[in-house]
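The values are calculated or read from the model by the stated rules, or taken from the named source; none is laboratory data. This structure is a prediction, so every number in the text was calculated from the model and none was measured. No Cβ is skipped: glycine too gets one built from the backbone with ideal geometry, and neighbour counts run over all protein chains shown. Heavy atoms of the whole protein, side chains included, go into the accessibility calculation; ligands, DNA and RNA do not. Shrake-Rupley method; radii C 1.70, N 1.55, O 1.52, S 1.80 Å.
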Amino acid sequence: MTTRPSTTTGPEQTEQAGAELAAALTPGDVVLVSGELGAGKSTFVRGALRALGVEGPITSPTFVVGHAYDGASGPVSHLDLYRLAGMGDEDPGLLDPFFAPDAIAFVEWPDHGPGAWPPERVARRVHLAHAGGDNRTIEVG
């Protein structure tokens, strides 16, 4: 299922788009989130995590690879593979806890860690792009 690209006009709308996507997810789903630096990936995921019941600070996991949260209906994970640039030198089990069978997982920069997630669980692929100023174009497939 691919949706028509939508445009948001600021961070609040980008978070709302993430929240709308989250409403359609079920435990075990993996969402791959791509886009260039500053395109709004973490903002989109923050909206989704809030909608899934995550409370407290939500920060980009750029420097720690991933954060695990308790959502309203179970575990939720947020990974950022930007600094991995390939999984070749990493322990193959490093990311397994983030992909627990009942976890909903969001993976930023999936092109930097192909094969890091269970491919059969990919429910959506999201691409964000700059569209001038605070505007972002969001495509969901």
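Of note:
- Scan of segment 68-80 for residues that are open to solvent by 50 Å² or more (accessible area, probe 1.4 Å) and either in contact with a Ser or Thr (Cβ under 7 Å, 6 or more places away or on another chain) or in contact (Cβ under 8 Å) with a residue 24 or more places away in the chain (or both), ordered by number: Ala68, Ser73
- Residue within segment 55-67 that is open to solvent by 10 Å² or more (accessible area, probe 1.4 Å), at pLDDT below 90, farther than 25 Å from Gly133 by Cα and touching a helix residue (DSSP H, G or I) at 6+ places or on another chain (Cβ under 6 Å) present: no
- Evaluated against (1) exposed (fewer than 13 other Cβ atoms within 10 Å of the Cβ); (2) touching a residue at least 60 places away in the same chain (Cβ under 8 Å); (3) more than 23 Å from Thr9 (Cα to Cα), Pro97 falls short on exactly one condition, (2).
- Selection count, segment 7-50, where residues are open to solvent by 30 Å² or more (accessible area, probe 1.4 Å), touching a Phe, Trp or Tyr at 6+ places or on another chain (Cβ under 8 Å) and of a type in the set (A, V, I, L, M): 0
- Selection count where residues are hydroxyl-bearing (Ser, Thr, Tyr) and more than 26 Å from Gly115 (Cα to Cα), scope segment 7-65: 4
- All of (1) surrounded by fewer than 16 Cβ atoms within 10 Å (Cβ to Cβ); (2) under 15 Å from the mean Cα position of the chain (by Cα); (3) closer than 14 Å to Thr43 by Cβ hold for Asp111 with one exception: (3).
- Selection within segment 123-133 - out of contact with any helix residue (DSSP H, G or I) (no Cβ under 9 Å at 6 or more places or on another chain) and either under 17 Å from Pro5 (Cα atoms) or at pLDDT 95 or above (or both): Ala123, His127, Ala129, His130, Ala131, Gly132
- Leading residue by the ranking (farthest from Pro101 (Cα to Cα)) among those in segment 29-78 that are outside any strand (DSSP E or B) and among the hydroxyl-bearing types (Ser, Thr, Tyr): Thr43
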